[in-house]
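These notes concern the structure reproduced below.
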There are 2 protein chains.
Amino acid sequence: MKRRTKKERQQHLLQTIEENPFITDEQLATQFNVSVQTIRLDRMELSIPELRERIKDVAAKNLENEVKSLPLDEVIGEIVDIELDTRAISIFDVREEHVFQRNGIARGHHLFAQANSLAVAVINDELALTVRANVLFAKPVKAGDRVITKATVSGQNIEKNRTYIEVTSTVNNSVVFKGEFEMYRTKGKGESDETSY
Amino acid sequence: MKRRTKKERQQHLLQTIEENPFITDEQLATQFNVSVQTIRLDRMELSIPELRERIKDVAAKNLENEVKSLPLDEVIGEIVDIELDTRAISIFDVREEHVFQRNGIARGHHLFAQANSLAVAVINDELALTVRANVLFAKPVKAGDRVITKATVSGQNIEKNRTYIEVTSTVNNSVVFKGEFEMYRTKGKGESDETSY
DNA sequence: TATGTATTAGCACTTGGTACTAACACCAGT
DNA sequence: ACTGGTGTTAGTACCAAGTGCTAATACATA
């Protein structure tokens, strides 16, 4: 059926292309029962690029994402200062994708992930694993907040290959998260590799 | 400079296109100092599709990824069974992107995320936040492992709006992770909303 | 010298467009 | 009844980045 007005059709057009950027003008023309030229005029008015450009945009976004998601898998948050086996600081900007849609509060595991990543990073060893963690989520964190996390090595047990780390996260100097991490490592602080595995 | 052999050039071609799928035959021809036709023949022999197809492929992959990465932000692991305010079970397949490159062991925060997600999900409330967690990483988890996580509500403190949850994760019936979660919620188990916030 | 492989050139054709011109339909205002 | 504006359609020339095909040329090797 013919859409009543031009506006209605254009509204629909925007939505259709948003959902499926791979659609050609000809397919759109058939779908809306208008000529290909009308679709072209519509696209121009709405400044929607042609099929190939649309696809290229989607593809380009993909390459961006690859760059973005990789470090996200490696270390959560950006390490800004580190003194191996002593302390480390990282920054994590909370964005929309990290919070509950319902109330805008950051999901706990993102804060945990930042702390855990930092605890792993501060240990000067090839193999560092989290054995145990006691964490406290002191205050809700919202999208837009910049979380600054400090990890400090607080102790060691060389016989058990353990390192203890205290982690504190703050937003605007107010503590939002605290954690104690017990980490396993193959080698003691500053040791070379004669230590038994 | 001209590449010595056809094979060398084709090897290089594969690599170049892999790195930058947005390159045209003409650009490739200039780069390798051969004619456009030669590049076309090479692509045919190597069954490399034309520029537009390559871009389309990248874009299509992107749309797939969007669908994949969204639920990952919402809940880590797939919930297979749930009885609200009582217990819940989820499954999480550990893949390459979840493990340390160096030793193939899953990063702790992914296991924590699965447990935390499940603890939030089991609570029958609009607002559920993690207040505190004590977790133990009992055994390393590797890529390919299927982690089965069970969350059980173990207690409540109605005055303090707290719910306590025990979480256990196993791989092949062997415990790999245990956690106690203290959760904040606005309403008590089964209550309606007259409770104070 | 003949043969095979690699390379290059040229032409017709394809898709999915842009850019532009022209025609027509219809509705409102004067 | 004529004019004007908006919306729609048709048609043409052109473009990028190809495919598919034929033909010519170079070069080495048997």
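The values are calculated or read from the model by the stated rules, or taken from the named source; none is laboratory data. Here the structure is a predicted model, which means the values were calculated and not measured. Note that each Cβ is placed from the backbone with ideal geometry, even for glycine, and that neighbours are counted across all protein chains shown. Remember, those area values only see protein heavy atoms, side chains included, never the ligands or the DNA or RNA. Shrake-Rupley method; radii C 1.70, N 1.55, O 1.52, S 1.80 Å.
Determine whether the stretch A:140-157 contains at least one residue that is touching a Phe, Trp or Tyr at 6+ places or on another chain (Cβ under 6 Å), open to solvent by 30 Å² or more (accessible area, probe 1.4 Å) and either in a loop (DSSP other than H, G, I, E, B) or at pLDDT 90 or above (or both). Working first, answer last.
Of the residues in the stretch A:140-157, the ones touching a Phe, Trp or Tyr at 6+ places or on another chain (Cβ under 6 Å) are A:147, A:154-155.
Adding the requirement that they be open to solvent by 30 Å² or more (accessible area, probe 1.4 Å) leaves A:154.
Cutting the leftovers down to either in a loop (DSSP other than H, G, I, E, B) or at pLDDT 90 or above (or both) gives us A:154.
Yes; the residues of the stretch A:140-157 include at least one that is touching a Phe, Trp or Tyr at 6+ places or on another chain (Cβ under 6 Å), open to solvent by 30 Å² or more (accessible area, probe 1.4 Å) and either in a loop (DSSP other than H, G, I, E, B) or at pLDDT 90 or above (or both).
With the checklist (1) at pLDDT below 90; (2) part of a strand (DSSP E or B) in hand, flag the one item B:Asp125 doesn't pass.
(2)
Mind checking which residues of the stretch B:49-66 are modelled with pLDDT under 85 and surrounded by fewer than 17 Cβ atoms within 10 Å (Cβ to Cβ)?
In the first step, residues of the stretch B:49-66 are kept if they are modelled with pLDDT under 85; the result is B:60-66.
The answer is B:Ala60, B:Lys61, B:Leu63, B:Glu64, B:Asn65, B:Glu66.
What tally of residues in the stretch B:76-112 results from selecting those that are more than 14 Å from every other protein chain (Cβ to nearest Cβ) and among the polar types (S, T, N, Q)? Let's see the steps before the verdict.
Within the stretch B:76-112, the first condition is being more than 14 Å from every other protein chain (Cβ to nearest Cβ), and the residues that meet it are B:78-89, B:91, B:93.
Still in the running and among the polar types (S, T, N, Q): B:86.
Count: 1.
Conditions tested, residue by residue: (1) more than 10 Å from DNA strand C (Cβ to nearest atom); (2) within 14 Å of another protein chain (Cβ to nearest Cβ); (3) among the polar types (S, T, N, Q).
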residue: B:Ile23; (1), (2), (3): yes, yes, no
residue: B:Gln27; (1), (2), (3): yes, no, yes
residue: B:Phe32; (1), (2), (3): no, no, no
residue: B:Thr38; (1), (2), (3): no, no, yes
residue: B:Leu41; (1), (2), (3): no, no, no
residue: B:Met44; (1), (2), (3): yes, no, no
residue: B:Ile48; (1), (2), (3): yes, no, no
residue: B:Arg52; (1), (2), (3): no, yes, no
residue: B:Ala59; (1), (2), (3): yes, yes, no
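Taking the options A:Arg40, A:Arg102, name whichever one is modelled with pLDDT of 90 or more and either of a type in the set (Lys, Arg) or out of contact with any Leu (no Cβ under 8 Å at 6 or more places or on another chain) (or both). Lay out the reasoning, then the answer.
Values: A:Arg102 fails: modelled with pLDDT of 90 or more.
Among A:Arg40, A:Arg102, only A:Arg40 is modelled with pLDDT of 90 or more and either of a type in the set (Lys, Arg) or out of contact with any Leu (no Cβ under 8 Å at 6 or more places or on another chain) (or both).
Across the stretch B:22-42, what is the total count of residues that are closer than 21 Å to B:Ala59 by Cβ, open to solvent by 20 Å² or more (accessible area, probe 1.4 Å) and not hydrophobic (A, V, I, L, M, F, W, C)?
Here the count works out to 2.
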